[in-house]
Amino acid sequence: MNPCWQTSRFRIDLSRPQVMGIVNATPDSFSDGGQHADLRSALAHCEQLLQEGADILDIGGESSRPGADPLPLDEELARVVPLVKEAVRLGVPVSVDTYKPEVMRAVLDLGADIVNDINALRAPGAVEAVAAHPACGVCLMHMRGEPKSMQLDPRYGDVVGEVAAELRERAEAVRAAGVAAERIVLDPGFGFGKTVDHNFELLARQAELLALGYPLLAGWSRKSSLGAVTGRPVQERLAASVAAALAAVLHGARVVRVHDVAATVDALKVWRRAGLPGI
């Protein structure tokens with residue numbers, strides 16, 4: 001497995017878990033929609049996450065919560081482009097969460113380091129947009145369906161085997177377009193077209209996904225599956241989110257995508273000091 005993640009401006013060392021801080025420049029994300037929807041507050045949030053210890057910033061302009069409607073291209077560009085212009089000056093890798101090729105091209109031209117695509121570069125022109133930038137990183141996430149309908153009735157025979165097969169197919173397609181393996185990270189897509197049981201089976205059997213030969217990114221932060229286990233609403237899932245991040249690291253994830261950066265960074269410091277696996 002690649003010990004590093006090659007991105008546009010940075011070669012990210014994955015020998016220790018990297019904390020990716022979520023920056024939702026949206027009015028309707030499931031847990032923090034509207035809190036950072038204007039440029040000033042979104043940039044201040046980026047700076048706050050870096051002070052808390054974030055290694056990577058992940059900027060998104062379109063909510064992918066279950067039931068979300070697609071966002072028009074011009075609105076996503078208006079939300080994301082001004083923020084990316086500023087964020088690339090902060091001295092850390094900048095990821096952009098988008099499935100639209102036009103947005104990918106715009107942010108990569110501005111110096112963004114990573115394309116984080118919930119649709120695994122399936123949209124026409126998406127693979128080409130990434131392949132045209134010879135060093136940018138990419139995160140390919142697994143999702144069945146689309147956010148509007150993905151949680152209506154997700155079914156699998158063997159969720160881990162099917163997710164692994166679909167991620168393998170997408171990685172091979174991207175490699176065939178000329179994207180080097182060291183640029184690719186995979187994301188099982190916890191909560192995207194999966195039941196609570198599916199999500200926890202994927203976590204427990206994460207080693208089978210690692211067998212694909214790519215680093216894994218895990219995004220459990222504040223997800224509804226944590227609410228199903230704890231009975232807590234979205235704003236009271238800090239402890240559950242940190243526990244899930246540590247469990248993902250224990251099972252081999254090299255990047256954890258989180259809202260609560262400070263708590264996750266502190267937990268990983270204690271984990272590392274205790275000599276526990278995954279650090």
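The values are calculated or read from the model by the stated rules, or taken from the named source; none is laboratory data. Everything quoted here is computed from the prediction, not taken from an experiment. Because the Cβ atoms are built from the backbone with ideal geometry, glycine has one as well, and the counts that use them run over all protein chains shown. Ligands, DNA and RNA are excluded from the accessible area calculation, which covers all protein heavy atoms including side chains. Shrake-Rupley method; radii C 1.70, N 1.55, O 1.52, S 1.80 Å.
With a cut-off of at most 13 other beta carbons within 10 Å, and DSSP calling the residue loop, which GluC sites (Glu not before Pro) in segment 54-139 qualify? Please list them. Please list the in-between numbers first.
On the way: sites: Glu62, Glu75, Glu76, Glu86, Glu102, Glu128; in loops: Glu62.
Passing sites in segment 54-139 do not exist.
In segment 139-239, which trypsin sites (Lys or Arg not before Pro) fall in coil by DSSP and have 11 or fewer other Cβ atoms within 10 Å? All intermediate terms of the calculation are to be shown ahead of the outcome.
Details: sites: Arg144, Lys148, Arg155, Arg168, Arg170, Arg175, Arg183, Lys194, Arg205, Arg222, Lys223, Arg237; in loops: Arg144, Lys148, Arg155, Lys194, Arg205, Arg222, Lys223, Arg237.
Qualifying residues, ordered by number: Arg155.
What does the accessible area of Leu268 come to, in Å² to the nearest 10, when a probe of 1.4 Å is used?
10 Å²
Given Cβ point charges of +1 (Lys, Arg) and -1 (Asp, Glu) and nothing else, what value in debye, to the nearest 20, does the dipole of segment 68-197 about its Cα centre take? Can you show the working numbers first?
On the way: 14 positive and 21 negative charges, 37 e Å.
Once rounded to the nearest 20, the dipole reads 180 debye.
Mind checking the dipole of segment 4-274: about its Cα centre, +1 per Lys or Arg Cβ, -1 per Asp or Glu Cβ, Debye to the nearest 20? Don't skip to the end; give the middle numbers.
On the way: 29 positive and 35 negative charges, 135 e Å.
Rounded to the nearest 20 debye, it is 640 debye.
Give the value in nm², to one decimal: projected area of the alpha carbon convex hull of segment 74-224, averaged over all directions. Provide the component values of the computation, followed by the final result.
Values: hull surface 36.9 nm².
Taking a quarter of the hull surface, the average projection is 9.2 nm².
Counting only protein heavy atoms and a 1.4 Å probe, tell me what percentage of segment 155-279's accessible area is made up of carbon and sulfur. Walk me through the numbers before you get to the answer.
Numbers: 2830 of 5120 Å².
That fraction is 55 percent.
Where does the chain land at 222 nm, in deg cm²/dmol rounded to the nearest 500, when only DSSP H runs of n ≥ 4 count, each adding -39500 (n - 2.57), divided by all residues? Write down the numbers at each step before the final one.
Values: 10 runs with 108 residues, N = 279.
Estimated from H runs of four or more residues: -11500 deg cm²/dmol.
Give, to the nearest whole percent, the P(r) tail of segment 156-261 beyond 25 angstrom, counting all Cα pairs. Numbers along the way, then the final one.
Values: 1186 of 5565 pairs.
The share of Cα pairs beyond 25 Å in segment 156-261 comes to 21 percent.
Sorted from largest down, what three extents in whole angstroms do the Cα atoms of segment 83-165 have along their principal axes?
Extents along the principal axes, in whole Å: 45, 22, 21.
Convex hull over the alpha-carbon atoms of the chain: what's its volume per residue in Å³?
Numbers: hull volume 31.4 nm³, N = 279.
About 112 Å³ per residue, rounded to a whole number.
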